[in-house]
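Remarks on the structure that follows.
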Amino acid sequence: MRGGKLIFVGCILISLFAQISAVKKSYIVYLGSHSHGPDATLEDYELVESSHYKLLGSYVGSEEKARDAIIYSYTKNINGFAATMEENEAEEIAKHPDVLSVFENTIHKLQTSRSWSFVDMDNAERDRIGALWTKAKFGRDIIIATLDSGVWPESKSFSDEGMAQVPSKWRGYCENNTKDGVPCNRKLIGARYFNKGIRAFNPDLNITNSARDTDGHGTHTLSTAGGNFVPGASYFGYANGTIKGGAPGARVAAYKTCWAEFCMDADLLAGFEAAIHDKVDVLSLSIGSAPVTRGLDYLDDALAIGSLHAVAKGITVVCAAGNNGPDGTIVNVAPWFLSVGASTIDREYLSSLRLGHVTVIKGATQESETLPQNRLYPLINSSDAAAHGVAQGDAALCDDSSLDPEKVKGKIVVCMGGVVDADTKTSNVREAGGVGVVIVNQTEEADYLTVGPNFLPSTMISYKHGLTLLSYMESTNKPLGNISPPESRIGVIRAPVVADFSSRGPSNSTPEILKPDVIAPGVNILAAFSPDGSSTDIMGDTRSTPYALLSGTSMACPHVSGVAALLKMIHRDWSPAAIKSAIMTTARTRDNKKQTIRDYTHEEATPFLYGNGHIRPNRAADPGLVYDITTDDYLNFLCALGFNATYLSNLTETPYFTCPSEPMRLENLNYPAISVPALDKTFTVTRTLKNVGSPGTYKVHVVAPSGVDVVVTPAELSFSRVGEEKSFRVAMTSKHRRIGKGYTFGRMVWSDGKHYVRSAVAVNVVA
């Protein structure tokens with residue numbers, strides 16, 4: 001048995017649960033898949049449940065005790081159960097020959113728009129792609145679901161105006177489908193909740209039996225993926241315009257598996273089980289777990305297990321890459337995930353700082369509170385306003401209880417950025433009686449203006465402008481200033497830029513799979529929100545809003561989920577891997593200035609930050625070729641990691657799976673990107689391309705990683721029909737000067753003159 005895991009924090013707050021019993025904990029007992037098929041009856045499910053009671057009963061003393069201990073019995077697609085038991089009982093049951101793994105019911109964390117435009121196309125191509133989306137009716141009849149903190153059903157984003165009847169395949173429903181509960185319609189067709197796992201973890205936690213969203217995260221992500229068109233949306237006047245989800249015509253369903261920002265393994269598996277049974281098409285998971293350190297840990301992770309079962313049923317699973325950046329490791333790295341990092345958009349939120357009667361400094365804000373513009377206010381450096389006994393360094397950061405109210409009252413306070421969250425700085429200034437806040441970036445190297453709502457007139461300025469400000473304040477005995485009312489503008493800044501919080505590769509567990517897969521908009525994304533939630537998390541901020549600007553890979557993930565839904569509507573026969581390939585190989589690595597995408601320090605980013613690049617939904621509709629992967633391919637991948645055939649045969653409904661006599665090289669999984677973590681002189685990888693477009697001949701172009709020679713054989717592939725597959729080899733040879741210098745990056749592009757099938761290449765030369 002492999003034990004619990006440290007869970008990394010997502011985009012919102014960090015908190016701790018109450019201590020739990022040292023005697024008993026809740027565990028997941030994973031048994032693989034079921035022998036019954038899709039036409040199973042209620043009797044079949046009852047037989048499975050009975051077998052779970054019998055199995056656990058043999059270890060806890062009786063079936064009656066087992067019935068009391070079991071939290072969930074997974075009977076439909078995933079075979080297993082969640083139960084409370086002592087550690088020694090969990091260790092013993094893990095030895096049973098039918099048990100694939102036993103792992104503790106641990107915590108995962110939530111990882112807290114504008115429309116896409118047709119770019120880089122001639123008129124004919126623009127019309128052709130536009131016709132494809134029109135034909136897709138923006139995803140009509142495709143069902144997108146989230147495992148998240150639920151939904152606010154009254155949001156206009158979930159209006160069913162103009163929508164036809166619910167697809168006949170749908171098996172789901174809304175729990176407590178009443179006006180006072182969670183009412184469904186032809187748009188929002190499912191809403192269920194799962195909380196037995198978190199109740200077992202902490203029985204004293206105050207949670208409700210409802211799928212209604214009380215914090216806003218679930219509503220935001222679901223509407224980003226599939227929300228309907230809503231004109232006149234804004235966040236307290238910011239980003240005013242029409243919002244929509246990635247697939248505005250899609251049906252949506254919410255499976256509430258997360259409570260107070262926490263998501264337990266047992267509840268997540270129950271959500272997966274329901275979503276698969278209900279026949280969803282796309283699953284969007286804005287959830288992060290601990291970085292997996294070994295490939296053998298994949299099947300000790302509810303997200304990886306549930307997603308593998310979903311993908312085997314033809315469901316595309318899109319997930320957040322994690323908010324552990326810039327130094328933290330990427331999460332959700334199993335190859336069957338479509339892992340998404342976060343990028344900025346080209347919308348700027350401006351609020352200038354006026355110094356005296358002349359100088360104006362450009363700043364950034366998202367705060368709707370404003371100062372009267374007919375007067376100037378005294379400015380004070382927070383380090384000069386330190387409370388008695390407080391170090392100047394703490395006061396400079398506007399840390400908790402660091403400011404003297406007598407020195408701050410009625411003034412605009414200048415705080416240094418970093419260490420303490422901006423909203424905390426602002427809250428502390430407000431409590432001390434300040435009327436405004438200026439936050440100054442501390443370093444020129446990372447001059448990245450991260451703005452958010454602060455509940456006080458505020459602006460953030462660059463390091464360079466900070467020097468101008470401090471110079472002015474030192475030049476006069478009575479420095480004065482004012483903060484201008486905020487405004488938002490589009491198309492004036494470089495984008496996309498990889499967000500500072502977006503987790504980076506390589507993967508710790510399987511560096512042979514290049515992650516993340518792509519990046520998508522994840523900074524200051526406007527989407528629907530729960531009126532019961534706080535968009536600032538600032539104490540005392542009781543403002544309610546139907547829309548909010550949030551940031552995180554949580555926000556990037558549903559953008560890609562919406563694209564996946566549109567592709568599924570157009571190409572009903574595509575596998576999840578084909579959809580992922582189309583999104584990855586049509587992504588681009590240049591920004592709106594036609595330069596290589598940068599990170600927040602203004603340095604050129606690499607595939608460890610952006611994967612194959614930034615999504616381009618229009619191009620993904622017609623990729624030309626795809627790299628397809630079957631369920632057996634994933635099982636062969638797991639064979640190569642060390643899982644045996646007997647174990648893996650229980651994962652599928654085909655009981656006769658066998659591992660290859662010679663294990664595959666992990667690098668040879670037919671992935672749309674190439675990663676070689678240990679190039680020892682020479683290495684060759686193989687790939688297979690499938691034609692999903694018109695007949696044609698594709699030629700390869702390679703930009704070799706520095707210090708590596710790359711030869712592709714054959715260099716030309718001809719396709720005469722849809723579905724035809726052709727394989728090729730990529731031979732890499734290291735150069736001595738590159739040894740020990742870390743990863744180097746390149747790219748490979750197959751093109752017929754019309755389509756460009758791009759793959760990132762990452763190589764670490766060791767000899």
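Considering each residue of the stretch 443-457 in turn, none proves to be modelled with pLDDT of 90 or more and surrounded by 15 or more Cβ atoms within 10 Å (Cβ to Cβ).
Of everything in the stretch 354-381, what is open to solvent by less than 80 Å² (accessible area, probe 1.4 Å) and either at pLDDT 90 or above or small (Gly, Ala, Ser) (or both)? Give them in sequence order. Scanning the stretch 354-381 gives ARG354, LEU355, GLY356, GLY363, ALA364, SER368, LEU376, TYR377, PRO378, LEU379, ILE380, ASN381. For SER73, the criteria (1) within 22 Å of GLY271 (Cβ to Cβ); (2) modelled with pLDDT under 80 hold in every case but one, which is (2). Out of ALA270, ALA253, report the one residue that is modelled with pLDDT of 95 or more, crowded, with 24+ Cβ neighbours inside 10 Å and in a strand (DSSP E or B). Every option except ALA253 fails the conditions. Does ILE583 qualify as being under 20 Å from the mean Cα position of the chain (by Cα), crowded, with 24+ Cβ neighbours inside 10 Å, at pLDDT below 95 and closer than 21 Å to SER223 by Cα? Considered against the rule, which asks whether it is under 20 Å from the mean Cα position of the chain (by Cα), crowded, with 24+ Cβ neighbours inside 10 Å, at pLDDT below 95 and closer than 21 Å to SER223 by Cα, ILE583 comes out as no.
GLY491: open to solvent by 10 Å² or more (accessible area, probe 1.4 Å) and more than 19 Å from the chain's Cα centre (by Cα), yes or no? When the stated conditions are applied, GLY491 passes them.
The set of residues in the stretch 156-181 being out of contact with any Ser or Thr (no Cβ under 6 Å at 6 or more places or on another chain), hydroxyl-bearing (Ser, Thr, Tyr) and closer than 22 Å to GLY533 by Cα consists of SER159, THR178. On the stretch given as the stretch 246-271, residues that are within 28 Å of ILE305 (Cα to Cα) and out of contact with any strand residue (DSSP E or B) (no Cβ under 7 Å at 6 or more places or on another chain) total 4. Looking across the stretch 198-237, the residues that are in contact with a strand residue (DSSP E or B) (Cβ under 6 Å, 6 or more places away or on another chain), open to solvent by 10 Å² or more (accessible area, probe 1.4 Å) and in a strand (DSSP E or B) come down to PRO231, SER234.
Conditions (1) surrounded by fewer than 17 Cβ atoms within 10 Å (Cβ to Cβ); (2) touching a strand residue (DSSP E or B) at 6+ places or on another chain (Cβ under 6 Å); (3) within 16 Å of ILE519 (Cβ to Cβ), marked per residue:
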position	(1), (2), (3)
ARG572	yes, no, no
ASP591	no, no, yes
ARG598	no, yes, yes
TYR610	no, yes, yes
ASN644	yes, no, no
ASN650	no, yes, no
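Of the candidates ALA556, ALA520, the single residue that is small (Gly, Ala, Ser), in a strand (DSSP E or B) and at pLDDT 95 or above is ALA520.
Count of the stretch 143-191 residues, restricted to those that are more than 16 Å from ILE315 (Cβ to Cβ) and in a loop (DSSP other than H, G, I, E, B), is 29.
Only residues that are modelled with pLDDT under 95, of a type in the set (Phe, Trp, Tyr) and in a loop (DSSP other than H, G, I, E, B): list them for the stretch 593-647, please. Passing the criteria: TYR600, PHE643.
The values are calculated or read from the model by the stated rules, or taken from the named source; none is laboratory data. Small disclaimer: the values here were computed from a predicted structure and weren't measured. As a convention, Cβ positions derive from the backbone with ideal geometry for all residues, glycine included, and neighbour counts pool all protein chains shown. With ligands, DNA and RNA removed, areas are computed over all heavy atoms of the protein, side chains included. Shrake-Rupley method; radii C 1.70, N 1.55, O 1.52, S 1.80 Å.
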